[in-house]
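Notes for the one structure printed next.
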Amino acid sequence: MKISRQSPKRKKYITIISIVVAVLLLVTVGFAYGYHIGPFQTDTKPAINLSPATSDQKNAGDAQKKTTADQSTKVSPDSTPPDNAESGSEVLVTITALNQNNTVVQIRSLIEAVSDNGICTLTMTKGSTTLTRTSGTQAQPSSSTCKGFDIPTNELSIGSWNVTMSVNINGNTGSATGKITIQ
C-alpha cells in the first residue's frame, strides 16, 4: 500500500485559501453586525398601539387639556396681559442692551407681552437736554421687543445720560430705566 503525501505547495495553497475564506467570513460578519443585517437586525421601531384609549388615558388627557387651558387664560400680577387684555394693565419692560459701540449708542429691550402693534418711546436726558425717539414693537414667540434704537453719538454730549424706555401696548404701559456714559 502506498501512502501519498501532500506536496508542500499544495499545503501552502490550502492554507492561503483557508485564511482568505476566514477573512472574508469575518468581514461579512462584521459588515452584517455594523449595519444590523441578518441575525444582527434589531427592530428599533416602537410598536404602535391602535386600540381605543382606556378610560384612564381619556381622563388623563382631559385633565391635561383643562390644566393647559386654565394656565393660558390666567394673568398673574408678574405676567403681562396679552394684546387683547383690558387697557390699563402694567407691562414688564427690561432694557437688555445699553452700549456705546464707537459712534453709535445701541439700546435694546424685552417686553413681557406679545404684540407687534405697540409703541416704544426712548427718552434720554442729561441736565436740561432731552432726546426722544419712538419705534414700534416686534412680536416674538413669547415676548416682544422694541424694534431697536441706534442713536449716533454726535447727537449726544459726552457724559452721563439717564435712559427711560416706555412702552404702550393697547393702553397697557410699562417702563424701564438705565444710565450710560457717553465717551
message = Could you check the stretch 128-183 and list, in sequence order, the residues that are within 17 Å of LEU98 (Cβ to Cβ) and within 25 Å of the chain's Cα centre (by Cα)?
response = THR145, CYS146, LYS147, GLY148, PHE149
Residues satisfying the stated conditions in the stretch 127-148, i.e. among the basic types (Lys, Arg) and at pLDDT 95 or above = ARG133
ask   = Any residue in the stretch 66-87 that is surrounded by 10 or more Cβ atoms within 10 Å (Cβ to Cβ), out of contact with any Ser or Thr (no Cβ under 9 Å at 6 or more places or on another chain), basic (Lys, Arg) and modelled with pLDDT under 95?
value = yes
request  = Filter the stretch 145-164 down to the residues that are part of a strand (DSSP E or B) and either in contact with a Cys (Cβ under 9 Å, 6 or more places away or on another chain) or among the aromatic types (Phe, Trp, Tyr) (or both), then identify the one that is surrounded by the fewest Cβ atoms within 10 Å (Cβ to Cβ).
outcome  = THR145
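I need the full set of residues from the stretch 106-154 which are among the aliphatic types (A, V, I, L, M) and closer than 16 Å to LYS179 by Cα, in order please.
ILE107, LEU122, MET124, LEU131, ILE151
The values are calculated or read from the model by the stated rules, or taken from the named source; none is laboratory data. From a predicted model like this one, the values you see are computed outputs, not experimental measurements. Because the Cβ atoms are built from the backbone with ideal geometry, glycine has one as well, and the counts that use them run over all protein chains shown.
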